[in-house]
Amino acid sequence: MPRRLRWLTPYLFLLPGGLWLALFFVVPMLVMASVSLQEGSLGRGFTMTWNFGVYPEVISTYSPQFVRSIIYAFTVTLATLLLGYPIAYTIAFRGGRFKNILLLLVIAPFFTAFIIRTLSWKLILADNGFLLGTLKDIGLLSPGEHVLATPLAVVSGLTYNFLPFMVLPLYVSLEKIDPHLVEAATDLYANRLHAFLRVTLPLSMPGVFAGSLLVFIPAVGDFINAAILGSRDTTMIGNVIQRLFLATNAYPEASALGFVLMAAVLVLVAIYAKVVGAKELTAG
Amino acid sequence: MRTRDHQSPRQAQVLAAVVLTIVLAGCGIAAQSPSPVATNTPAPPSAQPSASTAQPSATAAQTSAPTDEPTQPASVTPTPPITGHVTFGNWPLYIDIDEDTGKYPTLKAFTEQTSIQVDYQEAINDNTEFFGKIQPDLAAGRPTGYDVIAPSDWMVAKLIRLGYLQPLNKSLLPNFTANAADLFTNPWYDPGNVYSIPWQAGLVGIGYNPTLTGREITSFADLLDPAFAGDVGMFSEMIDTMSLALLANGVHPADATLEDAQAAQQMLLAAAQRGQFQGFYGNDYYDQLAAGNLALTIAWSGDISQMQLWDNPDVKFVVPSEGGLMFVDNMVIPNNVEHLGDAYALMNYWYSLDAAVPLTEYIGYYSPVAGVQERVIADSEAARADGDTEWADQLLQIAHDSVPTQEQLQNIFPYKQMTEDEERAWNDLFDVVVNG
């Protein structure tokens, strides 16, 4: 390439990905935006009426499921963080020559399909399954206890399914921390706790931020866990969207819900970035 | 300076993660989009220009209005060509299987007779889900990939309403004309069998496990009994659950008004809100009932017969005292199929006794083919003569189950044939029960 066209290089690198996004992200988004403003039915067809009223309508109709999804996703993010941080910390600082094997174990569930993993929890948590059956037999649970079809089952399933998304970014940022920094902190009379709070934790915040987003965003829109492990009282917004699309064929309402969900997630992520990630994202 | 060096790759990592997650979230939403893309059909032709400007997608150009044009050239071309291949999309557990080879003996016999290869797919787990899968192709006027499909009665009505099915040329279905049982001809969902011929049928009622209920179950009211809170299953398809609830309220589903549907919804909703139902199921209720996770549930009669034989001998089936329903699954040919002649040959084949009898002896549903019961009884007697009493007894049971009894039929009521708006209104009502 002639020297004077060098400035083009980065744009050429961006081109394939950019085209892909334009085709499979921007175009569908525009189509969905258009669908959400149409009115009609399968038989009569859908016509554009610029029906913006559908947005407040779906928000008021499905606000319980919205709030529930956000609470669940928040709980799941917190749970994966509390479970994932010690795992990532141990692998990064104490893993030694087992690091790779331990990381492989973290992603081992991915070798099984998402649905199969979730279905297996349905078997494990079944009323007379291995876990509850045994606990009931030895008298630790009363015979009428359920775990399936409760919020606990749905949140547990989500936590299990999304844990690796938290552990991996945490590991990457923890692994990069120079152990000498912690040594220096202790040399400067910090105890272990202070060294962790003042040095390790702040340096791992990018991992916390990335991991939280990777868990929160897919969890808030997930419908598989609620469909398989939940009941009507654990219906998440993803289940509503799926049902509106496929069972009711109410495409405008379903599309509108999709956009409301996306807007809600963007707002929540923006707030989170402001509170936690701002320094990391804007520094340097 | 060391930490400075780390700064920029870390930033890049965070940014990459943010971009990735936003793309992931986008895919999750975008993945839902194919159906409406193909269905953005401007109904009145006059509205087309304005509507098409709103469609940036290439598929929009291919959409065609599905209404008011049900007539396809099927009856014009008397004998469509045989291509040697046909794809049949059916429900699971709905055909005879050779346990050793995993092949389908009746389909093998068909291929030997006709040289037509059958691609048999267990494609339907839920009417609405399957509809969601094939609807974009049908709306766009493309082949769905299936030459014959087996939707249930109410879904046949919906497919007819939308103009998605081909009217059948009966001269290509001589076995149907000769052998169809009276009970299954001229059904409510397709008067005169213009678009559909039955595949198999059964009853919608209650399946229960007496060891868990502790008593015999007789009525729909039992499903709402607080004593069974949390142990009851319902169907996720609106039509069965709502129709049974209507019957429990003393209303015939076929005559039900919107007020009746609202009353039925209120009854179900009150029960749902106090945690009466463990879940709303498709075909997967089977495993929950067999495993003892459910004490009682809405169920299909044929499933319970199979469960008694193979999975859980305790489980029983009952038609609710307030009234039950009979479902009929049908063979239909969607628009624009690629193997029309082969599809007719396959549909005609199932109405020969040589195909219908082994099918019934394996799956045990109601057969729409006249004379099956007599042949199964004859096979039972032959087995007894050979000394295989166990198989003879089973065949006798199957023969008994292959035709509904007069007593059963007296308490069976037809579904309501709904307009699109009624269906939407009922679905919205039922949605509140299922999704809260």
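A few remarks follow.
- DSSP bridge orientation in the protein assembly as shown - percent antiparallel, rounded to nearest 5: 60 percent
- Helices in chain A, meaning DSSP H runs of at least 4 residues, each add -39500 (n - 2.57). Divided by all residues, the mean residue ellipticity at 222 nm is -22000 deg cm²/dmol.
- Taking amide H as placed 1.01 Å from N in the peptide plane, B:Trp199 has its amide H under 5 Å from the amide H of B:Asp329, B:Asn330, B:Met331, each at least 5 places away in sequence or on another chain.
- Across region B:364-413, the volume of the C-alpha convex hull divided among the residues equals 72 Å³ per residue.
- FRET efficiency estimate (nearest 0.05) - Cβ-Cβ, A:Arg4 to A:Ile115, R0 41 angstrom: 0.15
- Orientation-averaged projected area, Cα convex hull of chain A (nm²): 23.6 nm²
- The length gained by stretching the chain between A:Ala263 and A:Arg97 to full extension, at 0.36 nm per residue less their Cα-Cα distance, is 55.3 nm.
- Cα centroid separation - region B:175-221 against region A:94-156, whole Å: 39 Å
- Zone of B:Ser321's modelled label, taken as backbone nitrogen in region B:285-314 under 18 Å from a point 7 Å along Cα→Cβ: B:297
- Residues whose amide H comes within less than 5 Å of that of B:Gly371, counting only those at least five positions distant or on another chain, are absent (H built at 1.01 Å from N in the peptide plane).
- Whole-Hz Karplus values for region B:234-239 come out as 10, 8, 7, 6, 4, 5 Hz, taken residue by residue from phi with 6.51 cos²θ - 1.76 cosθ + 1.60 and θ = phi - 60°; glycine and proline positions read x.
- Hits among lysines - C-alpha to C-alpha of A:Lys122 under 20 Å, sequence gap 8 or more where chains match: A:Lys136
- All C-alpha to C-alpha distances of region A:141-264, sorted into 10 Å bins beginning at zero, yield P(r) values of 12, 26, 24, 18, 13, 5, 1 percent in whole numbers.
- In order through region A:211-221: 3J(HN,Hα) via Karplus (6.51 cos²θ - 1.76 cosθ + 1.60), integer Hz, x for Gly, Pro: x, 4, 5, 5, 8, 4, 5, x, 5, 5, x
- Rounded to whole Hz, the Karplus (6.51, -1.76, 1.60) HN-Hα couplings of region B:215-227, x for glycine and proline: 7, 6, 9, 10, 9, 5, 4, 4, 5, 9, 5, x, 4
- Cα coordinate range in the protein assembly as shown, projected on the principal axes (Å, largest first): 95, 70, 54
- When Rg and the Kirkwood radius Rh are both evaluated on Cα atoms of region B:181-222, their ratio Rg/Rh stands at 1.25.
- Subtracting the Cα-Cα distance of B:Ala227 and B:Asp354 from 0.36 nm times their residue separation leaves 40.9 nm of extension gain.
- Given R0 = 25 Å, the distance between the Cβ atoms of A:Leu188 and A:Leu78 translates into a calculated FRET efficiency of 0.20.
- Annotation: amide H of B:Phe277 within the under-5 Å range of B:Gly230, sequence separation 5 or more or interchain, hydrogens built in the peptide plane.
- Within straight-line cross-link reach of A:Lys176, aspartates and glutamates at Cα separation under 14 Å, skipping those fewer than 8 residues along the same chain: B:Asp5
- Alpha-carbon centroid distance for the pair region A:234-278 / region A:166-180, whole angstrom: 31 Å
- Largest mean-square fluctuation among A:Gly144, A:Gly238, A:Gly133, in a Gaussian network model of chain A whose springs join Cα atoms under 10 Å apart, belongs to A:Gly144.
- With a Förster radius of 56 Å applied to the beta-carbon distance between A:Phe196 and B:Glu216, the computed FRET efficiency rounds to 0.30.
- Set of aspartates and glutamates near B:Lys158 by C-alpha distance (under 13 Å), chain-local residues within fewer than 8 positions excluded: B:Asp190, B:Glu420, B:Asp421, B:Glu422, B:Glu423
Rule-based calculations on the coordinates, nothing more; no lab input. Bear in mind that the values here come from a model prediction, so they are computed numbers and not experimental data. So basically every Cβ, Gly included, is an ideal-geometry build from the backbone, and we count neighbours across all protein chains shown.
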